[in-house]
Amino acid sequence: MKLNYYVVNPGGNITAIVYGKFIKGTKLKITKNILENNSTIEQVGFWTDVKNNNINAKLEMAGGEFCGNALRSLGALLACNKKRKFYFIKSSSIKMPIKLNSSINFSEIILKLDLIQYKKDVCYIPGIQHFLSKERFTILEAKKVLKEKKLLRNKASGVISYKNISADTYNINPIVYVRDTKTFYEESSCASGTLALAYMLYEKKGIKKLNVLQPSGFILKTSISKNEIKLGGQIVSIKKETILI
């Protein structure tokens with residue numbers, strides 16, 4: 001089967017977006033093939049239409065996890081065809097549609113603040129949980145930490161190492177595990193990990209605006225106001241690829 005898909009670079013964490021409806025087993029097979037065929041791609045999302053005039057699309061990751069950069073990527077793809085400021089995307093991990101402010105060059109997700117919880121160095125976002133630490137870890141060390149925290153059983157989990165490099169800027173080094181796809185990546189960018197750090201610093205220090213330098217060298221910006229948290233950054237490129245499955 002010949003399959004077309006999009007490759008989006010949302011500032012690192014390069015994402016493949018496949019349009020079409022597939023059963024879970026087929027999604028996992030497509031994901032495996034794409035990841036093996038292109039080593040720059042870190043994850044695969046599946047885009048389908050929704051029979052609802054208030055929702056522009058639905059995004060499902062192969063592992064059913066929440067992925068902020070995949071949402072940002074799909075927002076940019078929608079902006080290629082529909083010129084509007086805001087888009088609403090349904091995600092399998094969050095009940096309510098997620099609001100995005102997207103163009104072909106920039107994409108920002110907007111989440112309700114009460115979706116996120118923080119307790120004992122772990123930030124809980126529906127569909128993914130992150131352990132936050134100032135300490136750096138190898139993949140093997142990260143796996144051990146996630147096992148100790150009993151997070152490996154979840155759809156997705158990560159270890160986010162962070163460092164304060166200036167007044168309002170931090171850097172992160174994310175290691176993320178997705179249970180069903182059996183992938184363990186030192187990601188080049190992690191939107192959910194950035195959200196986790198921003199929320200932790202808001203809870204602990206009252207910080208509302210943050211610049212977070214990703215391993216890719218790009219910055220994701222977060223801001224918290226009223227009952228919302230926003231995360232946005234540059235969309236570097238969008239291209240179309242083909243693979244035989």
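The values are calculated or read from the model by the stated rules, or taken from the named source; none is laboratory data. Not measured: the values here are computed from a predicted model. All Cβ positions, even for glycine, are placed from backbone atoms using ideal geometry, and neighbour counts span all protein chains on display.
Out of region 203-220, which residues are touching a residue at least 12 places away in the same chain (Cβ under 8 Å) and surrounded by fewer than 20 Cβ atoms within 10 Å (Cβ to Cβ)?
Selection gives 203, 207, 208, 209, 211, 213, 215, 216, 217, 218, 219.
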Worksheet item: So which of 95, 29 is assigned by TED's automatic domain parsing to the domain that holds residue 239, surrounded by fewer than 18 Cβ atoms within 10 Å (Cβ to Cβ) and not in a strand (DSSP E or B)?
Response: 29
Worksheet item: Here is a list of conditions, (1) within 23 Å of residue 179 (Cα to Cα); (2) among the β-branched types (Val, Ile, Thr); (3) surrounded by fewer than 23 Cβ atoms within 10 Å (Cβ to Cβ), and residue 55 meets all of them except one; can you say which number that is?
Response: (1)
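Can you report the number of residues in region 29-81 which are among the basic types (Lys, Arg) and touching a Pro at 6+ places or on another chain (Cβ under 6 Å)? Let's see the steps before the verdict.
The initial filter retains those residues of region 29-81 that are among the basic types (Lys, Arg), namely 29, 32, 51, 58, 72.
Keeping just the survivors that are touching a Pro at 6+ places or on another chain (Cβ under 6 Å) gives 72.
Total meeting the criteria: 1.
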Worksheet entry | Residues (buried (at least 17 other Cβ atoms within 10 Å of the Cβ), of a type outside the set (Gly, Ala, Ser) and assigned to a loop (DSSP other than H, G, I, E, B)) located in region 105-129 | 116, 126
Worksheet item: Would a scan of region 63-79 turn up a residue that is in contact with a Ser or Thr (Cβ under 6 Å, 6 or more places away or on another chain) and either without any contact (Cβ under 8 Å) to a residue 24 or more places away in the chain or farther than 21 Å from residue 14 by Cβ (or both)?
Response: no
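Residue by residue, here is whether (1) at pLDDT 95 or above; (2) β-branched (Val, Ile, Thr) holds:
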| position | (1), (2) |
| --- | --- |
| 8 | yes, yes |
| 25 | no, no |
| 48 | yes, yes |
| 64 | no, no |
| 68 | yes, no |
| 83 | no, no |
Fill in: Single residue of region 221-245 satisfying the filter (among the hydroxyl-bearing types (Ser, Thr, Tyr) and in contact (Cβ under 8 Å) with a residue 60 or more places away in the chain) that is surrounded by the fewest Cβ atoms within 10 Å (Cβ to Cβ)
242
Discussion item. Among the residues that make up region 69-90, is at least one of them outside the structural domain of residue 212 (by TED's automatic domain parsing), part of a loop (DSSP other than H, G, I, E, B) and under 20 Å from the mean Cα position of the chain (by Cα)?
Written reply: no
